[in-house]
Structures are given as structure tokens and as C-alpha cells.
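A.B. asks: Before I ask anything, here is the structure I am working with.
Nothing in this text is a laboratory measurement; each read-out follows from the coordinates by a stated rule. Predicted, not measured: the structure shown is a model, and the values here were computed from it. Here Cβ is always computed from backbone atoms with ideal geometry, including for glycine, and neighbour counts include all displayed protein chains.
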Amino acid sequence: MRITTFNVNGLRSALKKGFAHWLDAARPDVLCLQEVRWHEAEAQVREDLLEPLGYRDYWRHAERPGYSGVALWARREPDRVAADLGVDEFDGEGRLLVADFGRLRVASVYVPSGSSSEERQATKFRFLDHFAGWLESQRKRRRPVVVCGDLNVAHTERDLENWRGNRNHSGFLPEERAWLTRVLESGWVDTWRSLHPDESRSGYTWWSNRGRAREKNVGWRIDYQLATPSAARQARDAWVHGREPRLSDHAPLTVEYGTPPW
């Protein structure tokens, strides 16, 4: 079973850059998207792209047009789909979507960025607090769960190129890194890192648009697939789809799982 997570930084823009061709070639079984930012896309994308490729599509848009939003596309119809974290402040921003496939649960999540202001950083910390509680509730269900998304946190010095210069910047703050450490110590598994324990630069999933960062691979690893132990044990391979094609400022991350009786 192949699961891919991808922050498209605007689905309309990604489609103009060749997203449809990429999807036709990649064909994940489940695709979790973040920052879709296109309220009117559903019917058009479903008819033009998803139905011909055999995908069912599910969306959680933000209330504010052209902002945030997540989606989950799957080649199998889920048994159940649910949205929201249960917190009004964040649910209106379209931050979470969950689908069940038998015992397997897959979530698409988009953690807020805190880089624009101190107020947004405070919002990010509040989200992380609530999200940690949600993750703990999922872990305690003792079912295979895979949480895909842009967490907007680089965990260790191996997870971004210029770590010295970013120690006081959102995305690599000590408090954010400690949050992710607590999540992993509670039992969640960072699947890419578990399969590539010694690698760094090949795992970057985001690059700034400034200073030829993508060309130089001055990147960050901020997109993850966190898995409960029962799901993580089925992870066979994981890869980032590289710096080309440039469909977004992020790159897709795929994990190949075995085919147990979910």
C-alpha cells in the first residue's frame, strides 16, 4: 500500500505546473494533500483528473477562501471520513481530515506556520498542544494509524541544511522540536527517519523560494508520515520525490507499506 503526503501550496498552481502528469505516474493508493487553497476545485478536479484515474476525493476547506485546506484522495472508498480537531479556532482553517480503511486510519494534517508574526507563532503552539492530545487519543485506540502532513517542524539538526542559522526561527524552535520529541517518545514512529536513520539531505521536503535554495538543496524536512507501531512495522520503503518537477515549494513524500489484513 503506497501512501503519499504532499503540501501543494495551492492546487490550482500545482495543476498548472504538471501535477496531473505527476499523479498519473506516481499513482499512490492514498494521497494526502495540504494547503489546497481552492474551494471551487472539487467538481472540476473530480471530473477531469480523479475519476479517470480511479480516485475518490474528500476535502476539508478553510472558511476563508484561498487559504489552507486539506484533502484526501484514495483509490479505495473509505469506510468512514471525518474532519476537524474539535477546536473552533483551527477547524475553520481546514487543518485535519481523517479516513478509515478497515482497521487502518489515515489522516491529512496541516500544522499552522508561525513564521509571519508572534501572534501566528502563538497560534501554532496552541495547535500543537491540541494536536498532541488528538495524537494521544489515536495512539490509545490500538489500531494502525498513519498521520500524513506538513508539521512545519524540523526535528533535529539532520533535518535542515542551515540549522545553526535557524535555531531561533519558527520551524526549528526548541519548543517545537521538544514537542515532536515528546510525540515520538509516546510511541509514534517517524517512518522516513526509521527507514533512513543516517540520511539527511535526501529527506528534505521544503525549500525557500529565495537564494536558489532548491537548486542548492538548502532544505528542510518538515513533511512527515507518523505511524503507530503496528502501521510502522509494515513500512517497507520511503522516499521523497526529489527537487523536480517543481510542483510546489514542497516535494511529495511516499511510504510503501506492506499489505496486511488492515
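So that you can scan it fast, the table gives a plain yes or no per residue for (1) out of contact with any Phe, Trp or Tyr (no Cβ under 7 Å at 6 or more places or on another chain); (2) buried (at least 18 other Cβ atoms within 10 Å of the Cβ); (3) closer than 27 Å to Asn217 by Cβ; (4) small (Gly, Ala, Ser):
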| site | (1), (2), (3), (4) |
| --- | --- |
| Arg126 | yes, no, no, no |
| Trp163 | no, no, yes, no |
| Arg167 | yes, no, yes, no |
| Gly171 | no, yes, yes, yes |
| Leu180 | yes, yes, yes, no |
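A.B. asks: Of the residues that make up the stretch 170-187, is at least one charged (D, E, K, R), in contact (Cβ under 8 Å) with a residue 24 or more places away in the chain, within 30 Å of Arg103 (Cβ to Cβ) and in contact with a strand residue (DSSP E or B) (Cβ under 8 Å, 6 or more places away or on another chain)?
C.D. replies: No, the conditions are met nowhere in the stretch 170-187.
A.B. asks: What number of residues within the stretch 223-260 satisfy the criterion of being in contact (Cβ under 8 Å) with a residue 12 or more places away in the chain and not in a strand (DSSP E or B)?
C.D. replies: Here the count works out to 18.
A.B. asks: When Arg105 is evaluated against the numbered criteria (1) of a type in the set (D, E, K, R); (2) touching a residue at least 60 places away in the same chain (Cβ under 8 Å); (3) part of a strand (DSSP E or B), which criterion, by number, is the only one it fails?
C.D. replies: Just one mismatch for Arg105, condition (2).
A.B. asks: Would you point out which residue out of Ala82, Ala99 is surrounded by fewer than 17 Cβ atoms within 10 Å (Cβ to Cβ) and aliphatic (A, V, I, L, M)?
C.D. replies: Of the residues listed, the single one that is surrounded by fewer than 17 Cβ atoms within 10 Å (Cβ to Cβ) and aliphatic (A, V, I, L, M) is Ala82.
A.B. asks: Condition (residue is touching a helix residue (DSSP H, G or I) at 6+ places or on another chain (Cβ under 8 Å), closer than 21 Å to Val255 by Cβ, part of a helix (DSSP H, G or I) and aliphatic (A, V, I, L, M)) applied to the stretch 2-18: is it met by at least one residue?
C.D. replies: No.
A.B. asks: Counting only residues that are more than 15 Å from Leu33 (Cα to Cα) and among the aliphatic types (A, V, I, L, M), how many does the stretch 53-80 have?
C.D. replies: Of the residues in that region, 1 qualify.
A.B. asks: Another one. Would you point out which residue out of Trp163, Trp220 is in contact (Cβ under 8 Å) with a residue 60 or more places away in the chain and under 20 Å from Gln121 (Cα atoms)?
C.D. replies: Values: Trp163 fails: in contact (Cβ under 8 Å) with a residue 60 or more places away in the chain.
Exactly one residue qualifies, and that residue is Trp220.
A.B. asks: Can I ask one more? Please verify whether the stretch 52-63 includes one or more residues that are surrounded by 16 or more Cβ atoms within 10 Å (Cβ to Cβ) and among the small types (Gly, Ala, Ser). Break it down stepwise before answering.
C.D. replies: Residues of the stretch 52-63 that are surrounded by 16 or more Cβ atoms within 10 Å (Cβ to Cβ), as a first pass: 55-62.
Among the residues that remain, those that are also among the small types (Gly, Ala, Ser) are: 62.
Yes.
A.B. asks: Might you check whether a residue that is over 19 Å from Phe6 (Cβ atoms), within 17 Å of the chain's Cα centre (by Cα), buried (at least 18 other Cβ atoms within 10 Å of the Cβ) and β-branched (Val, Ile, Thr) occurs anywhere in the stretch 214-233?
C.D. replies: There is at least one residue in the stretch 214-233 that is over 19 Å from Phe6 (Cβ atoms), within 17 Å of the chain's Cα centre (by Cα), buried (at least 18 other Cβ atoms within 10 Å of the Cβ) and β-branched (Val, Ile, Thr).
A.B. asks: If you don't mind, another one. Restricted to the stretch 11-46, and to residues that are free of Cβ contacts under 8 Å to residues at least 24 places away in the same chain and within 17 Å of Gly94 (Cβ to Cβ), which residue is farthest from the chain's Cα centre (by Cα)?
C.D. replies: Glu40
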